[in-house]
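> Please see the structure below; I have some questions.
The values are calculated or read from the model by the stated rules, or taken from the named source; none is laboratory data. Treat the numbers as computed from the prediction; the structure is a model and nothing was measured. Glycine gets a Cβ as well: all are built from the backbone with ideal geometry, and neighbour counts include every protein chain shown. To get the accessible areas, we keep the full protein, side chains included, count just its heavy atoms, and leave off ligands, DNA and RNA. Shrake-Rupley method; radii C 1.70, N 1.55, O 1.52, S 1.80 Å.
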Amino acid sequence: MFERFTTDARNTVTGAVTEARQAGAATVTEEHLLLSLLELGALDRLGVDRAGVAADLAAARRRGGMSRADEEALAGLGIDLTEIVSRIEETHGEGALAAPAPRRRTLRGSLRSALGRAEPDDDRAGSYRVPFTEGSKKVLEQSLRIALGRKDNHIGTLHLLLALLSRPGTVSEVLTDHGITYATAETTLAA
C-alpha cells in the first residue's frame, strides 16, 4: 500500500511519527496525522487556522480525548465532564488526562542506563519504534479505499485528510468546527 503514497503523503506519515515522539506519546494517533498535515501545510489552501486547530486538539486531549458527542452522551446520563476534568486536575494537576503514556524502555536502553552509559549521539538515538493505534491504521486503510473510489492511482494528502474526516471522533469534530468538511476538502483540494 505504501508504494502508492506520494512523497507528501509519506512525509505526513513520518511527520506523524515525529509528532508522537515530540509529544512523548507511546503511539501514533489520528491527531498526530492531522498535526503532521498541518505542519506540512496540506490544509493551507482551505484557509485553516493552524494554531486554532492545534489549540482545539489540545483542549480535547485535556478532556481525555472525549469528543463533544461523548460529552453530550455523558450529560444525558447526568454526568458533567467539565466537573470531572476539574476535579481530576485539582488532585493530579492541570492536563492530567492529557499526559502521554510513558514510553516503553527497551532492553538495550535499560542496559545502557544500568551501566551509566548515555545513548550515542548518532542517527539511532531516539529511533525507537512508535506503533500506530488501530484508529490511525484505519485512517491509512481508508485513504486507500478513498483513492480507489476516486480512481486515483496514488494516495496523497487529500486522501489522508478525507480519511480523517470520514471517521467519527475528535479529529473530524475539530476540523468540522473550523469549517473543513469532507465536501469542502474534496472540492477545494481536488481542484
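> Ranked from highest to lowest mean number of other Cβ atoms within 10 Å per residue, what is the order of the peptides 26-34, 10-18?
On the way: 26-34: 23.7, 10-18: 18.8.
Final packing ranking: 26-34, 10-18.
> What residues qualify as long-range amide H neighbours of Ile155, i.e. H under 5 Å apart, gap of 5 or more or another chain, H built at 1.01 Å from N?
Phe5, Thr6
> Leaving out ligands and nucleic acids, note down the accessible area per residue over segment 131-172 with a 1.4 angstrom probe, in whole Å². If you can, show how the numbers build up before the last one.
Details: 1870 Å² over 42 residues.
Per residue, segment 131-172 has an accessible area of 45 Å².
> Taking amide H positions as placed in the peptide plane 1.01 Å from N, state which residues far from Phe132 in sequence (5 or more) or on other chains have amide H under 5 Å from it.
Val28
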